[in-house]
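Some notes on the structure that comes next.
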Amino acid sequence: MTVRVEFFFDLSSPWTRLAFANIRPALDGLDYSITWRPFLVGGVFNAVNPSVYESRKPENAARLARSFGWLKQWAELAGVGMNFPSEHHPLKSVNAMRFCCALEQEQEALERFAHAAFEAYFTHARNLDDPAVLVAVANEAGLGGAALAERAGSQPIKDRLRANTDEAIARGAFGSPTIIVHEPAGEEQLYFGNDQLPLVRAKVAALA
């Protein structure tokens with residue numbers, strides 16, 4: 001059977017950049033479908049995981065630097081650019097994630113935009129908080145940037161992003177990416193982060 005996988009993500013997250021690039025290769029050969037679900041990871045942190053802000057304080061700089069070193073090694077393994085942290089870190093991702101929400105009903109277009117946006121931010125250090133940059137990225141992905149920006153600024157899209165974030169929290173998310181594998185009888189298995197992709201593959205393989 002086709003196993004349904006949901007991928008809750010925020011474009012500001014470097015570990016999500018890795019998992020986004022790695023999840024399809026990780027599931028290669030398996031019978032699955034993936035649904036991309038934009039949300040605001042900051043809203044998740046505020047609600048259920050405020051300790052993440054503690055880890056960014058100056059007294060934890062040495063540990064953070066080591067983490068960034070591992071991050072770049074993971075990026076090399078994945079074959080993706082990781083110019084991080086850039087001058088635009090930490091990114092206020094609300095504008096970017098509204099662009100994503102405006103495409104949520106067009107999953108192929110959303111995946112294309114997300115790929116282009118991850119490249120723009122993590123490889124080329126472009127500021128995804130700038131609406132003009134987001135329009136340019138959308139155009140580069142073959143989407144109508146100006147029209148997409150107009151949709152992204154509408155109240156229904158703002159409400160959708162808030163609802164997606166609340167839904168992720170209610171379903172157990174505590175960071176980005178949150179990956180949910182659907183089991184028979186409506187059960188769900190939640191996974192977190194790039195390093196758990198082998199577990200995601202094992203679960204999907206067992207269900208497919």
Here the qualifying pairs (Cβ atoms under 6 Å; residues six or more apart or on different chains; first in the range 75-97 and in contact (Cβ under 8 Å) with a residue 12 or more places away in the chain; second of a type in the set (Gly, Ala, Ser) and buried (at least 17 other Cβ atoms within 10 Å of the Cβ)) come out as 78/21; 80/21; 82/75; 91/12; 93/12
Among 108, 104, 119, the single one that is of a type outside the set (Ser, Thr, Tyr) and either at pLDDT below 95 or not in a helix (DSSP H, G or I) (or both) is 104
Reported set for the range 138-184 where residues are part of a loop (DSSP other than H, G, I, E, B) and either in contact with a Leu (Cβ under 8 Å, 6 or more places away or on another chain) or of a type in the set (A, V, I, L, M) (or both) is 141, 143, 171, 172, 173, 183
Conditions (1) at pLDDT below 95; (2) closer than 22 Å to residue 158 by Cβ -> residue 69 fails only (2)
Subset of the range 113-142, residues within 15 Å of the chain's Cα centre (by Cα) and buried (at least 21 other Cβ atoms within 10 Å of the Cβ), comes to 113, 114, 117, 118, 120, 121, 122, 128
Of those in the range 84-112 that are among the aliphatic types (A, V, I, L, M) and crowded, with 24+ Cβ neighbours inside 10 Å, the residue nearest to residue 36 (Cα to Cα) is 103
Of the conditions (1) assigned to a helix (DSSP H, G or I); (2) under 20 Å from residue 162 (Cβ atoms), the single one that residue 128 does not satisfy is (1)
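The values are calculated or read from the model by the stated rules, or taken from the named source; none is laboratory data. These numbers were taken from a predicted model, which means no experiment stands behind them. Every residue, glycine among them, receives a Cβ derived from its backbone with ideal geometry; neighbour counts consider all protein chains shown.
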